[in-house]
Amino acid sequence: MRLEIISPDGILYEGETLQVSFPGAVGSFDILPHHAPMIAALGEGTIVFENDGKKGEQAIKSGFVEVKEDHISVCIE
């Protein structure tokens, strides 16, 4: 899956990932390959993503995520 994390300061992360965990506005959730299309609000917490056994993290205050055809776009504050 392709993951992009964008803030007002620019692109914070752009690359491939096998799994992503998000702090949703009403609870955390995971995105795996071939996930159904969706748009969701994000709350304060940490986005955790994994690729080739390596984990990355991005702390956020709020934002939203769009998932479409294995492309994950995240806009955060």
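Close amide-amide hydrogen proximity is noted between Leu12 and Ile5, Ile6, Ser7, each under 5 Å apart and 5 or more residues distant or on a separate chain (H modeled in the peptide plane; Pro and chain starts excluded). Percent of Cα pairs in segment 2-76 per distance bin of 10 Å, from zero to the largest separation: 20, 61, 18.
For segment 66-73, 3J(HN,Hα) computed residue by residue from phi via the Karplus equation (6.51, -1.76, 1.60; θ = phi - 60°) reads 10, 10, 7, 6, 6, 10, 10, 10 Hz, glycine and proline entered as x.
Taking Lys and Arg as +1 and Asp and Glu as -1, the other residues whose beta-carbon sits under 15 Å from that of Lys61 total -4. Excluding Glu14 itself, calculate the net charge of residues whose Cβ lies under 12 Å from the Cβ of Glu14, where each Lys or Arg counts +1 and each Asp or Glu counts -1. Every neighbour counted, the sum reads -1. Charge dipole of the chain (Cα centre as origin; +1 on each Lys and Arg Cβ, -1 on each Asp and Glu Cβ, all else neutral): 120 debye, rounded to the nearest 20. Less than 5 angstrom separates the built amide H of Asp70 from those of His34, His35, all sequence-distant by 5 or more or on a different chain. Note that segment 36-48 has calculated 3J(HN,Hα) couplings of 4, x, 6, 10, 9, 7, 10, x, 5, x, 10, 7, 10 Hz, one per residue in order, obtained from phi through the Karplus relation 6.51 cos²θ - 1.76 cosθ + 1.60 (θ = phi - 60°); glycine and proline are x.
Under 5 Å from the amide H of Gly24 lie the amide H atoms of Phe29, Gly43, each residue being 5 or more positions distant or on a separate chain, with H modelled from the backbone and absent for Pro and chain starts.
Read-outs: derived from the displayed coordinates by stated rules, not from any lab. Quantities reported herein were computed from a predicted structural model and do not represent experimental measurements. As a convention, Cβ positions derive from the backbone with ideal geometry for all residues, glycine included, and neighbour counts pool all protein chains shown.
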